[in-house]
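Could you have a look at this structure, given as structure tokens, before my questions?
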Amino acid sequence: MRVLLVHNEYVYAGGEDVVATAECALLESYGHEVRRVIVSNRNINRLSDKLLTAWQAPYSGRSRRRMDAHIAEFNPDVVHVHNFFPILTPSIYDACADARVPVVQTLHNYRLICPQALLLRNGKPCEKCVTGSAYHAVLYGCYRGSRLVSLVPARMVSINRRRGTWRGKVTRYIALTRFAKEKFIEGGLLAHKIAVKPNFVADPVAKRETGAVRREGALFVGRLSPEKGVDTLLQAWHDLAVPLRIIGDGPLAARVERCDNQVVKGLGRKAQPEVIKEMRRAAFLIMPSVWYETFGLVIVEAFATALPIIASRLGALSELIDDGVTGLHFQPGDPADLAGKVRWAVDNPSDMRRMGENAHRIYEDRYTPESNYRQPMAIYDEAAQAAH
């Protein structure tokens, strides 16, 4: 199969970029021919570039012409879009439609139904734009804290809603969880077009490292930003004596450095091998997010290392982490409840080890490359049939 993989990279590499690269490599490993069409926000430097990108965010004729050329030259069986915002724009779908090539779009975030992409406002879930006007985002300055900047994605969402882009131009969507699928249906996407397929990671633990490892303390891995629940995490550790290691960087990094609890240690940004090493040392992972996480590769990495997770009872986290089976849930944004679950975990190490073993079995069953490969191929086949 010939797959044209399309992705708009972010300035700072994140989970979407990692997934796009991994899925491309997986397809190639099974003998499929993949061409990458990659653009990067790192190239938006001059003021003129920023203004042009903002104005063309709803539809770029230049991006459409580039997509026309790629399709004509490569003649793909399917186009798989991971991210189109802001450079590629939804105009690329028209190029696919004219060439009668099916389009599959992975829904890594909530951009199609929320201009800010996170369904989050003032530290709490917000769904005003899901069924209401996308210009609520402008009213509240949801995107990057600016009403003016929020106008860019709000126009993109609103214009393409009116054009019927989301319902008519994409052949099939991939949602990462059942929870996300339901949110997109509420936002107007057609249920029969949305398949649920999780992300995956290759087994990060080498065979020679599978021996017993002493586990202790808690671990946080992620961007140090408000939606990740960093404030909840630090407040929960105000009186805890449980060692906590924090991996990541972001706008709240200084807050982590100022934490006066000596058991809290910020490690900064780490490469994946170092992250895995820390996961194998920890007794449990903390995921205190206050937004509707769409998936989170860190979950799969934790499961692969037999690490149970203490997570917010919120959105996809409550779906992916089974309370009492692969981890524990706590009330989102409630540091006292999180602290209580941490104390319970420390007092019941055998139960936490059992949850970690359950998590590893689920990883082997659902989240390996081998188990994942069959799913996109089935979605591609279904999209091809629907397009002809």
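Sort out for me the helices (runs of 4 or more DSSP H) sitting completely within the stretch 162-249 that have 3 or more residues that are in the same structural domain as VAL275 (by TED's automatic domain parsing).
230-236
Residue-wise test of (1) surrounded by 17 or more Cβ atoms within 10 Å (Cβ to Cβ); (2) closer than 30 Å to GLU301 by Cβ; (3) among the acidic types (Asp, Glu); (4) in contact with a strand residue (DSSP E or B) (Cβ under 8 Å, 6 or more places away or on another chain).
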position	(1), (2), (3), (4)
CYS129	yes, no, no, no
ALA137	yes, no, no, no
GLY145	no, no, no, no
LEU148	no, no, no, no
VAL152	yes, no, no, no
TRP166	yes, no, no, no
LYS169	yes, no, no, yes
PHE220	yes, yes, no, yes
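Find the residue count for the stretch 310-320, including only residues that are touching a helix residue (DSSP H, G or I) at 6+ places or on another chain (Cβ under 7 Å) and either among the hydroxyl-bearing types (Ser, Thr, Tyr) or not in a helix (DSSP H, G or I) (or both).
Total satisfying the criteria: 2.
So which helices (runs of 4 or more DSSP H) are wholly in the stretch 1-105 and hold at least 2 residues that are more than 20 Å from the chain's Cα centre (by Cα) and buried (at least 21 other Cβ atoms within 10 Å of the Cβ)?
Because the criterion is at least 2 residues that are more than 20 Å from the chain's Cα centre (by Cα) and buried (at least 21 other Cβ atoms within 10 Å of the Cβ), the helices (runs of 4 or more DSSP H) in the stretch 1-105 that meet it are 61-74, 91-98.
Evaluate the following for LEU285: is it part of a helix (DSSP H, G or I) and within 21 Å of GLY315 (Cβ to Cβ)?
So LEU285 fails the test.
Could you list, in sequence order, all residues of the stretch 130-148 that are touching a Gly at 6+ places or on another chain (Cβ under 8 Å) and not charged (D, E, K, R)?
Answer for the stretch 130-148, where residues must be touching a Gly at 6+ places or on another chain (Cβ under 8 Å) and not charged (D, E, K, R): VAL130, THR131.
Given the options LEU317, LEU285, LEU297, name the one that is of a type in the set (A, V, I, L, M), crowded, with 24+ Cβ neighbours inside 10 Å, within 20 Å of LYS197 (Cβ to Cβ) and under 18 Å from the mean Cα position of the chain (by Cα).
LEU317
The values are calculated or read from the model by the stated rules, or taken from the named source; none is laboratory data. Source: prediction; values computed, not measured. We place every Cβ from the backbone using ideal geometry, glycine too, and count neighbours over all the protein chains shown.
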